[in-house]
Amino acid sequence: MKLDIRIDVSRAKSSAVGSEHGITPGELRDLQPRVDEAHAILQRQRAEGEYGFWDLYKQADVIEQVNAAASRFSEKGYENLVVLGIGGSSLGIIALGTALLSPFHNLLTKRGRKSLPRLFVMDNIDPVVFREMMRICPPKKTLYNVISKSGGTAETMSQLMIITGEIEKKLGPGAMKDHVVVTTNPRSPEAPASLLHPVADEYGLTEFAVPLNVGGRFSVFSPVGMFPAAMLGMDIHAMMEGCAAMDQRCSSADLKENPAYLRAAFQYLAATNKGKVMSVMLTYANGLYSVADWYRQLWAESLGKRYSLDGEEVFAGQTPIKALGATDQHSQIQLYREGPNDKLINTLEVKKFAKTVPIPNVLASIDKLSYLRGATMNRLMAAELQGTIDALKLSQRPVARIILPRVNAHTVAQVLYMLEVETAMAGRLFNVNAFDQPGVEEGKRIARKLMGAEG
Ligand code: PA5
């Protein structure tokens, strides 16, 4: 079975939507030398270990540790896995959980030693949500995975303090090691000190390291995403193979061969030459909707920059938007078709859904429903997608398609890995640092100060 994801940019070309809105062959040709140059820089940064996301899938020893810890903790039969983390520390497992677990996982999971835990991701500090989570997930039945690369983020630290208080009160401090796992910066002299290190020491907690050269939003294939994935029984091996397959496809600088670079080129040219200041990720499968959310962070935080790599003020970036087909056809598509032509619309599509739902031969007296009788929900979804793409073409709206043969650990990993490589290349094309986030750090600093923190 062929499991490669497919990229189709034909509907974003000038031949489909005209040269005012679509990318011309000449524009792509002219960009190739810049892509070659950027590829050489990225290759060097990778080889020198400046940035490490490309090679996370090769860390067999880390994956082994993650799997070993997951089997150890799974033996204890927790009913709930609660991930405490925000931004890059939570969006990866939300994306994987939504794509790879049953849509009703938390309702279907049975209680007991042999079954998978329910998943709750606390990526905010809404007191109502947190209090309800505490009620539904009492410490005795819960494993908490506290994830913070910096080990200092106020939102996550406050959550850690609350659950520590609860565990100490209900089970005693000695129980912390059976209920809390931390994932944070490595313990090395070059790494900034994480507040999770002394906590892990005090209570003897299991601890995973996020490599120093991997930023939050690029960390899904590190223990940040992989430990909760292993706890939830996901096929990590297939994910690693998916990354390897995509890495292989992304090894050439040639835009005709490298899917990530081709997409980066289209997004960059659409933004700079065609006024497409927004990048929509329109998913035609509910399971992929959170991948669009993950992409939203990756694209926004990586490319939204005030200064260029040369220190000039540029205010770069393209606003990422997430949308869901067919649902948003009845909400957003009117704007996308007839509003300002300022968007590149990316679709995330599935060729074959895991289930087929036939539409039965009923309501025979209603002639106007005969086109649905005997069809399937799957065929209707495919028609809605094709109809939208064709309608967008009629109004000269560029569409870049990502097509998964089916949704599984292998294909979803390919998508995530490709989007990471695409973002790294887009950073070079936009001439910004895709790997920092000074705007986020500033907000964190001010909030801590408002709370009375010193220093
Ligand atoms: O991608 C990023 O760097 C950010 O979104 C971080 O993931 C987010 O701010 C959380 O940071 P930390 O993991 O240090 O708590």
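Each reported figure results from applying straightforward, stated rules to the coordinates on display, with no laboratory input. In this text, all values refer to a predicted model and were calculated from it rather than measured experimentally. Every residue, glycine as well, gets a Cβ built from its backbone with ideal geometry; the counts of neighbours run over all protein chains shown.
Each part reduced to its alpha carbon centroid, the range 313-341 and the range 30-92 end up 29 Å apart. With the helix formula -39500 (n - 2.57) applied to DSSP H stretches of n ≥ 4, the chain reaches a computed 222 nm mean residue ellipticity of -14000 deg cm²/dmol. The long axis of helix 127-136 is offset from the longest Cα principal axis of the chain by roughly 70 degrees. With N the number of residues in the chain, Rg(Cα) / (2.2 N^0.38 Å) evaluates to 1.02.
Taken over the range 2-86, the percentage of Cα pairs per 5 Å bin, counting from 0 up to the bin with the maximum distance, is 3, 10, 9, 10, 12, 13, 12, 10, 8, 7, 5, 2, 0.
Panel note: the C-alpha atoms of the range 137-276, placed on their principal axes, show extents of 60, 32, 31 Å (largest first).
Provide M239, M278 in ascending order of the number of other Cβ atoms located within 10 Å of each residue's Cβ, fewest first. The partial results should precede the final answer.
Working: M239 28, M278 17.
By the 10 Å Cβ count, ascending: M278, M239.
On a 0 to 90° scale, report how tilted helix 438-450 is relative to the longest principal axis of the chain, with both axes built from alpha carbons and the result rounded to the nearest 10. Between helix and principal axis, roughly 40 degrees. Taking a sphere under 15 Å around the Cβ of G339 and counting the other residues whose Cβ falls inside, with K and R at +1 and D and E at -1, yields a net charge of +1.
Loop-located trypsin sites (Lys or Arg not before Pro) in the range 101-200 (DSSP state other than H, G, I, E, B) with a sparse environment of at most 10 neighbouring Cβ atoms within 10 Å: K110, R113, K114. Computed over the range 104-203, the P(r) curve from all C-alpha pair distances, binned at 5 Å from the origin, holds 2, 11, 22, 22, 20, 13, 7, 2, 1, 0 percent per bin.
Could you estimate the translational diffusion coefficient of the range 238-372 from the Stokes-Einstein equation, with Rh from the Kirkwood formula over C-alpha pairs, at 37 °C and 0.692 mPa s, in whole µm²/s? Let's see the in-between values first.
Details: Rh = 17.9 Å.
Stokes-Einstein gives a translational diffusion coefficient of 183 µm²/s.
Rg/Rh, computed from the Cα trace of the range 53-234 with Rh as the Kirkwood radius, has the value 0.93. Report the local net charge at C243: Lys and Arg +1, Asp and Glu -1, summed over other residues whose C-beta lies under 15 Å from its C-beta. After counting each charged neighbour, the total is -4.
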